[in-house]
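See structure below.
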Amino acid sequence: DSISDPFYARTTQILLEYQLGRWVPRLREPRDLYGVSSSGPLSPTRWPYHCEVIDEKVRHIDWTPCPEPVYTPTGLEIEPSYPNSKEDTVVYLAEDVYKEPCFVYSRVGGNRTPLKQPVDNCDHTLMFEARFESGNLQKVVKVADYEYQLTVRPDLFTNKHTQWYYFQVTNTQAGIIYRFTIINFTKPASLYNRGMRPLFYSEKEAKTHNIGWQRIGDQIKYYRNNLGQDGRHYFSLTWTFQFPHNKDTCYFAHCYPYTYTNLQEYLSGINNDPVRSKFCNIRVLCHTIARNMVYVLTITTPLKNSDSRKRKAVVLTARVHPGETNSSWMMKGFLDYILGDSSDAQLLRDTFIFKVVPMLNPDGVIVGNYRCSLAGRDLNRSYTSVLKESFPSVWYTRNMIRRLMEKREVILYCDLHGHSRKENIFMYGCDGGDRCKALYLQQRIFPLMLSKNCPDKFSFTACKFNVQKSKEGTGRVVMWKMGIRNSFTMEATFCGSTLGNKRGTHFNTKDLESMGYHFCDSLLDFCDPDRTKYYQCLKELEEMEKHTNLEKALDDSDTSLKEITLDLES
């Protein structure tokens, strides 16, 4: 109003209301900080401007399959090798990713320019697509009528980390044996050599039989190939498969996809729920370099001033490595349980303040990277970095935890991951060579409890507690050095279990989600005022330690004997 102009500076933050004959200033209500809001749509995903993205949104149903056994090699698996032939037909090629050497700027929906694909004239050629959220496929060459050679795309702005694949196949024919061979993996060891099968999804199966992702493939072989021209060794994964339907739309993936959009829809559901939103606060921790939102959840029973400082804190993070989608399924299981209506969930919310960052690397998730962010770096080696603009999510996470520690004790930090070479689920902790016996054993109690609560999935013997120099920039080690004694990485295999009833079967999404429940169950045991279970585990660890020391002493004596023998011989 022009009447108020001389009295108040021009600002959008002050509103004037006419009350009792005069203008009264008041501050405008703060803007919605949620990022997921009941009043508006989800924040759209932002891509590097040159990434081509199709309009079609990919969706999959959830289902729980029967136990799926790992593949048993027959010894008759072949190792296809493909000498370069100009006669072969390129049926899919994504060149857009090489337009820039580094990240420049982002755009909602990426580049919508249609991509022309060279396609064989034959009507039976499979059609491939991966230009959707979390998709990864670089090139496909048709080498025979029903045989295709595939190349996966390295992480953007790097020339390595080829592991994650997720792509669509259409124009399928039922009852025909197809062979697919991915030729540019870089890891010498792989779970595909230990029985892991690729994942497959059929839209017709989903629609008609309510069947979702399933493990498939025969003649599965992971082997070193002859493509090491640039001084690097490459490895191939090959498998054969028969599609269940003609003219179906199908997908293959390394692990169960969980996209940034999946997370946003999940958080939107919490935000719009009148019950869960009372004890789960969703905020934007920061924005990534592509301007996607990194969310932080605060989960606790609303505090009364009297007990606000008494509550201890627990911190959980996930998906710092975008291709480790199994970490998101564990995180979903944790959130489902902690936000549920069980008496144990209520007790946990009454006892602790949970700070949760469910997706640390949304940029990498969106573009289908395996390990890096759009800075071309592994964020889980960057927790010591002061480069806030380059690594915002880990910088702000570390800062949030530091501020949290000023107010209250953080009793446990856990970063969720996937593992590409070992079976089962296990933890890495920190003891830093600390030979104070009480501390040394104490850091092993929580993982031991977890192994007792889910003996068919979690392996205590696979847990390690050493701090290697190469891991000093990881969240686990940085938080431990900041003073969080129980600082862990929880690793879930991409394959399955070697333990108990689950032995020899793959983990499905329900198995991964169940780890969230077991984590909460173990946390209750760990902090139970009745210390029976705690001291029982401590006693067991002391026995293990005695046994280990005895074995080590015997090993050392054997070694010295061998050395003496060798010396005498020489």
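Key figures for this structure:
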{"read-out": "Glu79 paired with Asn210, simple spin-label distance in nm, labels 7 Å along Cα-to-beta-carbon", "value": "4.5 nm"}
{"read-out": "Loop-located trypsin sites (Lys or Arg not before Pro) in region 118-175 whose Cβ has at most 16 other Cβ within 10 Å (DSSP)", "value": "Lys160"}
{"read-out": "Region 124-241: C-alpha gyration tensor shape, a/c 1.5 cut-off, then a/b vs b/c", "value": "prolate"}
{"read-out": "FRET efficiency estimate (nearest 0.05) - Cβ-Cβ, Arg22 to Lys312, R0 41 angstrom", "value": "0.25"}
{"read-out": "Percent accessible area from carbon and sulfur atoms, region 150-266, protein chains only, probe 1.4 Å", "value": "47 percent"}
{"read-out": "Relative packing of peptides 403-416, 351-364 - highest average C-beta neighbours within 10 Å first", "value": "351-364, 403-416"}
{"read-out": "For the chain: relative contact order, % (alpha-carbon pairs under 8 angstrom, 6 or more apart)", "value": "14 percent"}
{"read-out": "Whole-percent carbon and sulfur share, accessible surface of region 438-493, 1.4 Å", "value": "47 percent"}
{"read-out": "Label point distance in nm, Leu524-Lys464, each placed 7 Å from Cα along Cα→Cβ", "value": "3.4 nm"}
{"read-out": "Among Val410, Cys463, Thr11 - extreme Cα towards positive end, dipole of the chain, charges at beta-carbon", "value": "Thr11"}
{"read-out": "Loop sites in region 214-249: trypsin sites (Lys or Arg not before Pro), DSSP, at most 15 other Cβ within 10 Å", "value": "Arg232, Lys247"}
{"read-out": "Most positive-pole-ward Cα, Ile211, Gln168, Pro188, against dipole of region 129-256 from beta carbon charges", "value": "Pro188"}
{"read-out": "Overall dimensions of the chain by Cα: Rg and Dmax, Å", "value": "26.6, 108"}
{"read-out": "Mean ellipticity per residue at 222 nm, deg cm²/dmol - from DSSP H runs of n ≥ 4 across the chain, formula -39500 (n - 2.57)", "value": "-8000 deg cm²/dmol"}
{"read-out": "For the chain, size of Cβ-based charge dipole, Lys and Arg +1, Asp and Glu -1, in debye", "value": "1720 debye"}
{"read-out": "Accessible surface, the chain, averaged per residue in Å² (probe 1.4 Å)", "value": "47 Å²"}
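The values are calculated or read from the model by the stated rules, or taken from the named source; none is laboratory data. It should be emphasised that the depicted structure is a prediction, and the values quoted were computed from it without experimental measurement. All Cβ positions, even for glycine, are placed from backbone atoms using ideal geometry, and neighbour counts span all protein chains on display. Just the protein is used for accessible areas: all its heavy atoms, side chains included, with ligands, DNA and RNA removed. Shrake-Rupley method; radii C 1.70, N 1.55, O 1.52, S 1.80 Å.
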